[in-house]
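Participant: Let me begin by handing over the structure; questions about it come next.
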Amino acid sequence: MGVAVSGMHYTGMAALRVYPAPGLTVNTSATASALAFLLPLILGLSMIGFIFSTVIALSPTAAEILEDGELMARLAQTSRHEPQAGLGRPAVRTAPADPDQAQPGDLFRPYRSPRQPLDAGALTGRRDR
């Protein structure tokens, strides 16, 4: 298609003959010069290219979108499990039953002291019930 369009364009342009009308004079000061046409065109295309490249460079990657989704899910889970303060009542926080166990909504793993021994369940990933 590209070759056909280009070929037809150049064939038509080669067949075209333009002659000035008798008695018509063209004043060069009233016509646009190449600089007056090309400068706004080049500047406009350059600005559009800069804007598009900036938008693409600043847009998040797929990994960042997934990471953001996981963070929002953790934040939503945290807000569901913790009482909210409202209507003049302070938020009441209760201490977890076992501070070494991860609680629902925890954003980080619980701190384990290097002096604290590990049990066999922590090493294998299973705990005896």
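Participant: Contour minus end-to-end for Val18 and Ala62, with contour as 0.36 nm per residue of separation and end-to-end as the Cα-Cα distance?
Facilitator: Net length gain for the segment: 10.2 nm.
Participant: A follow-up question, please. Mark the label point 7 Å from the Cα of Ala36 along Cα→Cβ and return the residues of region 1-28 whose backbone N is within less than 19 Å of it.
Facilitator: Once the point is set 7 Å along Cα→Cβ of Ala36, 25-28 turn out to lie under 19 Å by backbone N, inside region 1-28.
We did not get these values from a lab; they are worked out from the coordinates using the rules stated. Predicted model, so just to flag it, every value in this text is computed and none were measured. Counting neighbours? That spans all protein chains shown, and the Cβs are built from the backbone with ideal geometry, glycine included.
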